[in-house]
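The values are calculated or read from the model by the stated rules, or taken from the named source; none is laboratory data. Since this is a predicted model, take the numbers as computed values, not measurements. Counting neighbours? That spans all protein chains shown, and the Cβs are built from the backbone with ideal geometry, glycine included. Surface areas here come from the heavy atoms of the whole protein model, side chains and all, with no ligands, DNA or RNA. Shrake-Rupley method; radii C 1.70, N 1.55, O 1.52, S 1.80 Å.
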Amino acid sequence: MKVEFLFDFGSPNAYLAHKVIPEIEERTGAKFEYVPILLGGIFKLTNNRPPMVAFGDVKGKMAYEMKETERFIRRHAITTFKFNPNFPVNTLALMRMAVAAQEAGQFAPYVEAAFHHMWEAPKKMDDPDVIRAALIESGLDADRLIAAAQAPEVKQRLMANTEAAASRGVFGSPSFFVGEELFFGKDRLGEVEEEIRRAC
């Protein structure tokens, strides 16, 4: 059974899902496959818009979303989350480096570092100097990853991931597939777990 987590570091909800995924893996024995996508590309391909744009003028909508986030954090005892004051952050470089880190065998530590510097010790992670300093701080080979992210094949793979996601019905991040069953949003993780158990 293939279980996929399609994510962009720029989504706070992707970070929160990332913090909960290990609990589901432990309970079910499933292993989530992390798939880097570019959320801006998804929005363009699906004619979607960020929630702050789409719902910003709806009275009470964003305040309610904040309350739901607070409930999720409390429910899962997440103590590390800090909203990034630089939000929204252009994550093109970060997502290309995620693909480069996969190919270099550094994916897991890179994912932890990128989420940490976005949503735990938040920084302006679309500033090249800030990115480099953050990755060095996390013990990663920053210069190698930055250079690798510029390779045409890395750029193409991120684009291919994003286009494939949109073709499968993905319109935002975080999204999950259990087999070919699509689930959207951190609040669907309970249903993701149920589907894993049903499919197994």
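Listing for the model above:
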read-out	value
Per residue value of the accessible surface for the chain (all protein chains in place, 1.4 Å probe), Å²	52
Test item: Cα-centred dipole of the range 148-200, Lys/Arg +1 and Asp/Glu -1 on Cβ, debye	180
Label-point gap, in nm, between THR79 and PHE171 - each point 7 angstrom along Cα→Cβ	3.9
Kirkwood-type radius of the range 116-200, with distances r between different C-alpha atoms, in Å	15.7
FRET efficiency for TYR34 and ARG71, using Cβ-Cβ distance with R0 set to 22 Å, rounded to 0.05	0.30
Segment ASN90-LEU45, extension gain: residue separation times 0.36 nm, minus the distance between their alpha carbons	14.5 nm
Nearest-0.05 FRET efficiency for GLU194 and ALA63, computed from C-beta distance (R0 41 Å)	0.90
Among PHE72, ALA108, PHE87 - extreme Cα towards positive end, dipole of the range 70-200, charges at beta-carbon	PHE72
The chain - charge dipole about Cα centre, Lys and Arg +1 at Cβ, Asp and Glu -1, debye rounded to 20	440
Inter-probe distance in nm under a simple model that places probes 7 Å from Cα toward Cβ, at ASP187 and GLU153	4.3
Distant-in-sequence amide H partners of LEU6 (H built 1.01 Å from N, under 5 Å)	VAL35, SER175, PHE176, PHE177
Mean Cβ neighbour count within 10 Å, used as a protection proxy, ranking 105-113, 119-127 highest first	119-127, 105-113
Packing rank of 8-18, 87-97, where each peptide gets the mean count of other beta carbons within 10 Å, highest leading	8-18, 87-97
Gaussian network model of the chain, springs between alpha carbon atoms under 10 Å - residue of LYS67, LYS59, LYS82 with greatest fluctuation	LYS59
Percent of beta bridges antiparallel (DSSP, the chain, rounded to nearest 5)	60
Most to least packed among 23-31, 176-184 [average Cβ atoms within 10 Å]	176-184, 23-31
Equivalent-ellipsoid semi-axes of the chain, from the Cα gyration tensor, Å, largest first	24, 21, 18
Two-site FRET efficiency, ALA104 against ASP129, from Cβ-Cβ distance with R₀ of 30 Å, rounded to 0.05	0.90
Prolate/oblate/rounded label for the range 1-99 (Cα gyration tensor, a/c 1.5)	oblate
Accessible-area composition of the range 28-93, carbon plus sulfur, in percent [1.4 Å probe]	58
